[in-house]
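**Q** Here you go, one structure.
The values are calculated or read from the model by the stated rules, or taken from the named source; none is laboratory data. Here the structure is a predicted model, which means the values were calculated and not measured. Backbone-built Cβ (ideal geometry, glycine too); neighbour counts: all protein chains shown. Accessible surface areas use protein heavy atoms only, side chains included; no ligands, DNA or RNA. Shrake-Rupley method; radii C 1.70, N 1.55, O 1.52, S 1.80 Å.
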Amino acid sequence: MSAGVRLVILGKQGAGKGTQCVQLSRHYVVPHISTGDMFRAAMKSGTQMGLLARTFVDDGQLVPDEVVIGIIAERLSDKDARGRGFILDGFPRTVHQAQALSELLLPGRLDIVIDLAVDTALVLERLASRRVCSSCGHNYSVQKPPKFNWNCDHCGGEVVQRPDDKSEAIQTRLDLYESQTSPLIEHYCNEGLLETMDGAKPMDEVFTDIVNAIDARQAARSRS
Ligand code: AMP
């Protein structure tokens, strides 16, 4: 089995983070921790945290830092994440969240941060056509729908457009990415952790590029 990894993946909405994370999680045998998925699950089951999250998520606004940092602190204390590591998708999204993450990981630290770079025009195209299973979260698109009647191929759930993939919410989310999340690129570059990948390449090539970058860092660390 390959070594684990402690990885953060950055990239605009629609850059392909979710798709890459599913494959990377299998490859490195570490949990894929998506704060967006955690909020959608809480909203669906109607928990108190879900009700609170809904007031932000559907409009494309950020959930307050204290709430997000709290759920991540809890998840990272689970045995699987403390053992082989994790892939964080959608967290951190602000410099304050990144600082909180560094503190949570002490005395350890992240191994690598991948920035999946994609032009805004391409992500707008991808987001407008993205569809998702309302039950299991599997991703589809208008070009690649499920086989039967917008019912998920995996679980039969209804495949729909996410409320926050509609045009006004998309614009809010991309603006927030620019103002709140893109400063993390400089932040992690200064920490020597950042690797930038071309997210416009075909999915399999992006996956290979990411694995090569992770493995090169791990090999360099084991030599030092
Ligand atoms: P995502 O699936 O990553 O695009 O996340 C969907 C929504 O969940 C975001 O638009 C935010 O409303 C909320 N969310 C997810 N992660 C965070 C985070 N780290 N900080 C604040 N809000 C978040």
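**Q** State which residue is most open to solvent (accessible area, probe 1.4 Å) when the search covers only segment 1-15 and only residues that are within 18 Å of the chain's Cα centre (by Cα) and either among the hydroxyl-bearing types (Ser, Thr, Tyr) or within 13 Å of the ligand (Cβ to nearest atom) (or both).
**A** Filtering first and then ranking leaves Lys12.
**Q** Could you pull out the residue among Thr35, Thr55 that is hydroxyl-bearing (Ser, Thr, Tyr) and farther than 17 Å from Ile170 by Cα?
**A** Thr35
**Q** Consider only pairs whose beta carbons are under 8 Å apart and that are at least six residues apart or on different chains; among these, list those whose first residue lies in segment 20-41 and is without any contact (Cβ under 8 Å) to a residue 12 or more places away in the chain and whose second residue is open to solvent by 20 Å² or more (accessible area, probe 1.4 Å).
**A** Val22/His32
**Q** Report those helices (runs of 4 or more DSSP H) wholly inside segment 16-94 carrying at least 3 residues which are open to solvent by 40 Å² or more (accessible area, probe 1.4 Å) and of a type in the set (A, V, I, L, M).
**A** 48-57
**Q** Restricting attention to segment 16-59, report how many residues are closer than 26 Å to Gln218 by Cβ and more than 8 Å from the ligand (Cβ to nearest atom).
**A** Qualifying residue count, segment 16-59: 16.
**Q** Next up: Would segment 119-128 turn up any residue that is within 16 Å of the ligand (Cβ to nearest atom), modelled with pLDDT of 95 or more, farther than 24 Å from Val29 by Cα and surrounded by fewer than 17 Cβ atoms within 10 Å (Cβ to Cβ)?
**A** Checking segment 119-128: not a single residue is within 16 Å of the ligand (Cβ to nearest atom), modelled with pLDDT of 95 or more, farther than 24 Å from Val29 by Cα and surrounded by fewer than 17 Cβ atoms within 10 Å (Cβ to Cβ).
**Q** Now, a different point. Where residues in segment 135-151 are touching a His at 6+ places or on another chain (Cβ under 9 Å) and closer than 22 Å to Glu125 by Cα, which of them is modelled with the highest pLDDT?
**A** Pro146
**Q** Oh, and also: Take Val95 and tell me if it is within 14 Å of the ligand (Cβ to nearest atom), more than 23 Å from Ala41 (Cβ to Cβ) and out of contact with any strand residue (DSSP E or B) (no Cβ under 7 Å at 6 or more places or on another chain).
**A** Yes, satisfied.
**Q** Moving on. Between a first residue in segment 52-63 that is more than 13 Å from Met38 (Cα to Cα) and a second residue that is at pLDDT 95 or above and within 8 Å of the ligand (Cβ to nearest atom), which pairs have beta carbons less than 6 Å apart while being 6 or more apart in sequence or on different chains?
**A** From residues that are more than 13 Å from Met38 (Cα to Cα), the pairs are Phe56/Val63.
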